[in-house]
Amino acid sequence: MESEIAGWLSVVFRFVHVLAAIMWIGNSLLFTWMELNLIAPQPDETGEKPDLLGHLDMLHGGGVFHLQKRIINPQAIPVPLHWFMWQSYTTWISGVLLLVSVFYIHGGAALVDATKTDLTGWRAIALSAGGIVGWWLIYNTLWNTKLKDHPKITVPLTLVLLIAAAFLFKQYFNGRAVFLQIGAMLGSSMSSNVFFHIIQNQKKFMKSLLAGLPHDMKYGKQAKTRSMHNHYMTFPVLFMMLSAHFPQLTSAAQNVPILAVILIALMAVKHLMNSRYYFKHWLASIFATFILACFLIGSLLAMPDPTTKASGVSDGAKLFVSQTCANCHLAGGSPIAPDLKGIFGSTQIMADDSKILADETYLRSSIKQPQLHVVKGFAPAMPALPLTDEQVDQLVAYLKSL
């Protein structure tokens, strides 16, 4: 019953998380697009409307939306005035609940890669939660120093620190958990930017306006800086949210370098999309970035795993990933399918409470006829795979090496 409740909660939290993220990221993309497309006021307009910063007309829904960005007159504060923050907070809260219901609720077993470490599940939870909080403190402190005025230094430094964190987590976590951990760190930073910087600065200038003071643009500039940080993190966070569907990447031997390529490429693509108004080769550059990223990821996937000992084992390891076996049989434990670490030679308890020795015959029959042997505690959900005898041999060799 407990596992069923946890499963249903995961469904609810996942749907709310995705829905809120769509709304939040949609806002980020739309508002940045509007900023980049604002038409600066003409000299004759500044005389009539000295508070005008820019305007824009948009065709939608059978009519024209006329948008103006302007300095607020403290004597005529618009009512109602819409604030955008709850999409961010809902995304973060539902993300935390999802992290707990999927990775933390079973004592952290789903985080750990038992083939690399003997770290206990509760320590893994502490490492994960500490990593989220620690990353925000490092990132926020870095961008509060004078280095914030030198983004050509601070941006690469931030990325290097983030990738270094991914290498650290790889020593303890399985590949799926590493990708989602980095996504949680970035998403938490985005939501913290909204809570601590964007909304707080907006509250400051609104307080001044209500006191009858002129609109102070410095608070808006500070808020916009963190808003642009969030804007550039949107594509990587979306990819990390979906990374559980890409086991060929998360379970690859070089998964952290692959993650680094993805982070840099997606941020570069976002920058090129924003540069379309002054860089005429922006579209060609996006395609070039995509092709280069695919080439680098393909090269990293083709690199041999240094932990494998024989060609049959190496080929089996690649099959284990390419056939999406790794998506369910996660190293360190999974609620979907049993962990296969140390499977060869072990005694398996079946759904009918019978016991079977996991010898080579058992491994072969389980691969060819997955419904023949169903391990207790797991559903008979594994599909039959169209594998040749040679591929089955390779998978068996890999499973025996675990």
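The values are calculated or read from the model by the stated rules, or taken from the named source; none is laboratory data. Not measured: the values here are computed from a predicted model. All Cβ positions, even for glycine, are placed from backbone atoms using ideal geometry, and neighbour counts span all protein chains on display. Just the protein is used for accessible areas: all its heavy atoms, side chains included, with ligands, DNA and RNA removed. Shrake-Rupley method; radii C 1.70, N 1.55, O 1.52, S 1.80 Å.
What are the residues in segment 122-131 that are within 17 Å of residue 167 (Cβ to Cβ) and surrounded by 15 or more Cβ atoms within 10 Å (Cβ to Cβ), if any?
124, 127, 128, 131
Within this structure, residue 180 passes the test of being among the aliphatic types (A, V, I, L, M), in contact (Cβ under 8 Å) with a residue 60 or more places away in the chain, under 30 Å from residue 321 (Cα atoms) and open to solvent by 30 Å² or more (accessible area, probe 1.4 Å). For segment 228-274, the set of residues classified as polar (S, T, N, Q) and either free of Cβ contacts under 8 Å to residues at least 12 places away in the same chain or open to solvent by less than 50 Å² (accessible area, probe 1.4 Å) (or both) consists of 230, 234, 243, 250, 251, 254, 255, 274, listed by residue number. Among what's in segment 357-372 and is farther than 18 Å from residue 385 by Cβ and in contact with a Ser or Thr (Cβ under 7 Å, 6 or more places away or on another chain), pick the residue that is most open to solvent (accessible area, probe 1.4 Å). The qualifying residue most open to solvent (accessible area, probe 1.4 Å) is 357. Please find, within segment 99-121, the residue that is most open to solvent (accessible area, probe 1.4 Å) out of those that are in contact with a strand residue (DSSP E or B) (Cβ under 7 Å, 6 or more places away or on another chain) and in contact (Cβ under 8 Å) with a residue 40 or more places away in the chain. Among those residues, the one meeting the criterion is 119. Looking at 174, 230, just one residue is under 30 Å from residue 121 (Cβ atoms), under 16 Å from the mean Cα position of the chain (by Cα) and not basic (Lys, Arg), and that residue is 174. Among the numbered conditions (1) open to solvent by 40 Å² or more (accessible area, probe 1.4 Å); (2) touching a residue at least 40 places away in the same chain (Cβ under 8 Å), the only one that residue 138 does not meet is (2). Residue pairs whose Cβ atoms lie under 9 Å apart, separated by 6 or more positions or on different chains, with the first residue in segment 360-383 and on the phi > 0 side of the Ramachandran plot and the second in a loop (DSSP other than H, G, I, E, B), are 377/338; 377/351.
When residue 392 is tested against (1) assigned to a helix (DSSP H, G or I); (2) open to solvent by 30 Å² or more (accessible area, probe 1.4 Å), exactly one condition is not met: (2).
Restricting attention to segment 15-41, and to residues there that are aliphatic (A, V, I, L, M), free of Cβ contacts under 8 Å to residues at least 60 places away in the same chain and open to solvent by 60 Å² or more (accessible area, probe 1.4 Å), which single residue is farthest from residue 54 (Cα to Cα)? Ranking the candidates gives 19 first.
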